[in-house]
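The values are calculated or read from the model by the stated rules, or taken from the named source; none is laboratory data. Values in this document were obtained by computation on a predicted structure and should not be read as measured data. Because the Cβ atoms are built from the backbone with ideal geometry, glycine has one as well, and the counts that use them run over all protein chains shown.
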Amino acid sequence: MKNLKKRFNPLFILLFFYANLGNAQTSYFETSTPEVQGMSSLNILKFIDRLEAEIDAVHSFMIIRHGKLVSQGWWDPYQADVPHMMNSVSKSFISTAIGFAIQENIISIDDLVISFFPKKVPDNYSWHWNEMRIKDLLAMNTGHVKEPIPIAMYSGKVGWNSDIQNELGDVDWNTDWVKYFFDSKVDFMPGTHWMYNTMASNVLAAIIKKTTGQDVVDYLDSRFFKPLGIEKPVWDKFLGGNTGWGICAKTEDIAKLGQFYLQNGKWKGIQLLNADWIDLATSKQSSNGSNPDSDFTQGYGYQFWLSRHNSYRADGLFSQFSLILPDQDLVIAMTSGANDMVGVMNIAWETLLVELSESSLPEDKKNYNLLKKKTKGLALRPVVGELLNERENFSGRLFEFEIDELNRYSMKLDLNSKNHEIELSNGEENQIIKVGYQMYKKSNIMFRLPYTERKTYLQGEEYKIAASGAWAQPNEYKLRIYFYSSTASMDYTFIFEEDKLIWKTDFRHLADFSNGSSKTIEIEF
């Protein structure tokens, strides 16, 4: 391995230049027809059609070939200018920060992890901690048999195990997660045993904070975000720095991340990050299986997954991807709320890699025009049913209920006019949820919706929601809400009987670590 620490770093010459670089540019990538870049408009149409038929629900995609944007789309209510929760794509940004810190001689890949936090290590720590190095955190080769699950990070009786996910509480961001990591048991020699480990990523972020005095997001701002024209993202933080899952960025931002790595750390002709680091981070550093047909057993780099077709990816829960294919000079960026990461990737391979050519393909005006029309009209399916309930007016009634002693609500339903609305009050604030018919209407709300399991998706952020509703039956109203800056969605079903409201809830695709929850509540009139 080359000595990355002793490499000359030209970055500081560039910092003054980029310090005042604005983000007025709305799109970095020049556009091109797919055929000019050796791709088929028809195959991209097949890609979109299969996503809509087989996956629930993809939110956006961008396809970059030979550095040119050949196709993109956002399914309404998701939109290009609204940042989206990227979950563990965050880890690849942390890896990028580690690369810069090594390039600047701040840290070494072989530094012992405990050397940064000597006061957080228990007195009776095992010998394993004297062998764990930064590269072991990066490659998730820490030697743990069981991921150190920081139950202590939550307030209350909670955890990340699916068996008790319904008891999931709000995050206690004041817990010392780094100390929790050092209190965990390591079973194997670090560097010899792979296991996916989000806490390892959190500790990497804490090392950046410890050695630079900056959170990862701030450290990357002048080095990476500004040069690439990325507005500094919102990113969850704990006491030690940014988390390994909490970045919220635009689809184009992760497309730029992919293109930056595809270009070996060069941007607009300037080498920002050492190409040797790019090679290390995206090469196989850990073995995680042997199935040649699985994108999850091709190996693991430094906070990047390796996948089939000699590709690698930044990868986040519920199918957030920046797929980088060096052999094809191709980047595919996607956001989603889909709990079928394998299915999403298979569709990409089976459609977008067909008939790729290094030279231009013949012009195909018909399918290119169909593709443009298709991408402009993308929308998630609204709720199906009737606008008005002619049998009986169940609207206008006030319902009072409580989730627990601290969460009491009142709700007024206006569901039998041309403009459906739901008025909610938590005792201190009122807010209106606008409901679209055969479409989604957007609202910004500041307090927790009933029966959602996490107060906010990012610390201090309001909910951006879009709702669609209709009468599915004379006494049954269905409502779907997308939290369109995240992966989450909520279905409410209101069933009106003579003396009570039966309220069914289904909260899915959480922005943290559980798959969702369903409840049924009865409220007497």
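Numbers at a glance
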item: Count of segment 65-116 residues which are out of contact with any helix residue (DSSP H, G or I) (no Cβ under 7 Å at 6 or more places or on another chain) and assigned to a helix (DSSP H, G or I); result: 2
item: Filter result for Glu131 (in contact with a helix residue (DSSP H, G or I) (Cβ under 8 Å, 6 or more places away or on another chain) and among the acidic types (Asp, Glu)); result: no
item: Failed condition for Leu387, given (1) buried (at least 18 other Cβ atoms within 10 Å of the Cβ); (2) over 19 Å from Ile55 (Cβ atoms); result: (1)
item: Pairs with Cβ under 6 Å, 6+ apart, first in segment 499-525 and farther than 18 Å from Tyr484 by Cβ and of a type in the set (Asp, Glu), second surrounded by fewer than 19 Cβ atoms within 10 Å (Cβ to Cβ) and modelled with pLDDT of 80 or more; result: Glu522/Lys500; Glu522/Ile502; Glu524/Lys500
item: Filter result (touching a helix residue (DSSP H, G or I) at 6+ places or on another chain (Cβ under 7 Å) and surrounded by fewer than 20 Cβ atoms within 10 Å (Cβ to Cβ)) within segment 330-350; result: Gly343
item: Number of positions in segment 278-334 that are touching a Lys or Arg at 6+ places or on another chain (Cβ under 9 Å), closer than 20 Å to Ile64 by Cβ and either in a loop (DSSP other than H, G, I, E, B) or of a type in the set (S, T, N, Q) (or both); result: 6
item: Only one of Ser443, Ser468, Ser517, Ser485 that is in contact with a helix residue (DSSP H, G or I) (Cβ under 9 Å, 6 or more places away or on another chain) and either modelled with pLDDT of 90 or more or part of a strand (DSSP E or B) (or both); result: Ser517
item: Residues located in segment 351-369, provided they are surrounded by 15 or more Cβ atoms within 10 Å (Cβ to Cβ), in a helix (DSSP H, G or I) and not hydroxyl-bearing (Ser, Thr, Tyr); result: Leu352, Asn367
item: Segment 191-206 - residue that is of a type in the set (Val, Ile, Thr) and over 15 Å from Leu112 (Cα atoms) and, of those, surrounded by the most Cβ atoms within 10 Å (Cβ to Cβ); result: Thr198
item: Residue match in segment 237-251 (condition: within 15 Å of the chain's Cα centre (by Cα), more than 26 Å from Lys210 (Cβ to Cβ) and basic (Lys, Arg)); result: yes
item: Single unsatisfied condition, Val354 versus (1) of a type outside the set (Phe, Trp, Tyr); (2) closer than 24 Å to Ile521 by Cα; (3) at pLDDT below 95; result: (2)
item: Failed condition for His59, given (1) part of a loop (DSSP other than H, G, I, E, B); (2) modelled with pLDDT of 85 or more; (3) under 18 Å from Cys248 (Cα atoms); (4) touching a Gly at 6+ places or on another chain (Cβ under 7 Å); result: (1)
item: Residue among Lys237, Lys209, Lys185 that alone is of a type in the set (Lys, Arg) and surrounded by fewer than 18 Cβ atoms within 10 Å (Cβ to Cβ); result: Lys185
item: Ala348 being within 17 Å of Gln259 (Cβ to Cβ), touching a Leu at 6+ places or on another chain (Cβ under 8 Å) and assigned to a helix (DSSP H, G or I); result: yes
